[in-house]
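The values are calculated or read from the model by the stated rules, or taken from the named source; none is laboratory data. Given the structure is predicted, the values throughout are model-derived calculations rather than measurements. For neighbour counting, all protein chains shown are included, and Cβ atoms are generated from backbone atoms with ideal geometry for every residue, glycine included. Accessible surface is based on the protein model in full, side chains and every heavy atom, while ligands, DNA and RNA are left aside. Shrake-Rupley method; radii C 1.70, N 1.55, O 1.52, S 1.80 Å.
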Amino acid sequence: MKKKWNDYLWIAELTYITLGLVNILFAWLGMIFFLTPLAIAIFGGGKAYCNHFCGRGQLLNLLGSKLKMSKNITPPKFLRSTWFRYAFLTFFMTMFGLMIFSTYKVFTGISLEQAVTLLWTFKLPWMWADVSAVAPWMAQFAFGFFGVMLTSSTLGFITMVLSKPRSWCVYCPMGTMTQGICKLKHGRELPSDERGCEKDRGVA
Ligand code: SF4
C-alpha cells in the first residue's frame, strides 16, 4: 500500500526527543502532542489521532515490528484491565499536576531546578541547558514537561520490548483520555475503525 505523509509522523516523535536533548526549551513543542489528540476527540474526530497521527505509536511499531526489538507476546492481563488504565491515568495526571505546581512555585519566585526527572524518581542534572532567554517558570515547565515525555517514552519502550510493539497503547494516558471523551460524547464504545482498534491498543 502506498505510504501517506502521516505514515512518517514517527520522525516527528524522534525529532522532538532529539531537539529536547539539545535544547530543553523545545520541550514546549510537546504541547502539540498533548493537545492535538484531545482536540480531535472533543471536536468529533474520535480516535483518529491514535489511528492515523500518533508518531509515538508508529515509532514503537517500527522498533518492535520492523526492527524486531519486541518479544511480541501478549501484555499481562492486569495491564489490559480497565482498572489499571484508569489508575495509571489518575497517577499520571496527579504527577502532571505536581509538575504544574512546581512551575507555579518558580513563577512566584522559588528558584528553578535545572533537572529532568525520569520515571518520577531519577533526577537527571541538566546543567548544560542555557535557559537565560526565557522567564524561569517557562524553563521550569520545559524541564518538567520533558521529564513527562521522556518518562512516557521510556515506559513505552520497555513495554514494547517486553510484550507487543504497541503495548504502551494499552495503558497510555492519552489513549485512555481520548477513549473516555469518545465514550462521553457517544455514550457507547465506538466501532473499531473509529476507536483506536484493539490492535492499536496492543492486545490483538
Ligand atoms: S494510545 Fe497513546 S501512544 Fe497509542 S496511538 Fe494513542 S496516543 Fe499514541
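Rolling a 1.4 Å probe over the protein chains gives PHE78 an accessible area of about 100 Å². Taking GluC sites (Glu not before Pro) as candidate sites, keep only those in a DSSP loop with at most 16 other Cβ atoms within 10 Å, then name the longest stretch of the chain containing none of them. So the longest stretch without any such site is 1-188.
Counting only protein heavy atoms and using a 1.4 Å probe, the accessible area of MET127 comes to about 130 Å². Taken about its Cα centre, the chain carries a charge dipole of roughly 780 debye when the Cβ of each Lys and Arg holds +1 and the Cβ of each Asp and Glu holds -1. Taking one equal scatterer on every alpha-carbon of the chain, how large is log10 of I(q)/I(0) by Debye at q = 0.11 1/Å? Scattering profile of the chain, log10 relative to I(0): -0.54. Projecting the Cα positions of THR36, THR176, LEU21 onto the charge dipole of the chain (unit charges on Cβ atoms of Lys, Arg, Asp and Glu, taken about the Cα centre) puts THR176 furthest along the positive direction.
Annotation: extensible slack from LYS185 through ASP130 equals 15.4 nm (criterion: 0.36 nm per residue apart, minus Cα-Cα distance). Rounded to 0.05, the FRET efficiency of the SER81 and LEU38 pair, given R0 = 30 Å and the Cβ-Cβ distance, is 0.80.
Treating r as the C-beta distance of VAL22 and TYR104 and R0 as 35 Å, the FRET efficiency rounds to 0.85. Note on LYS66: lysines with a C-alpha under 23 Å away, same-chain residues under 8 apart excluded, are LYS2, LYS3, LYS4, LYS164, LYS199. Measuring nothing but how far apart in sequence close Cα pairs (under 8 Å, 6+ apart) lie, relative to its length, the chain scores a relative contact order of 32 percent. Close amide-amide hydrogen proximity is noted between THR117 and LEU124, GLY147, each under 5 Å apart and 5 or more residues distant or on a separate chain (H modeled in the peptide plane; Pro and chain starts excluded). Span-like helix check, the chain: qualifying full DSSP H segments, with Cα axial length of 24 Å or more and mean Kyte-Doolittle of 0.5 or more, are 82-107, 136-162.
Once the Cβ-Cβ distance of ASN6 and ILE158 is raised to the sixth power relative to R0 = 22 Å, the FRET efficiency obtained is 0.25.
Label positions at LEU29 and PHE96, each projected 7 Å from the Cα along the C-beta direction, are separated by 2.1 nm.
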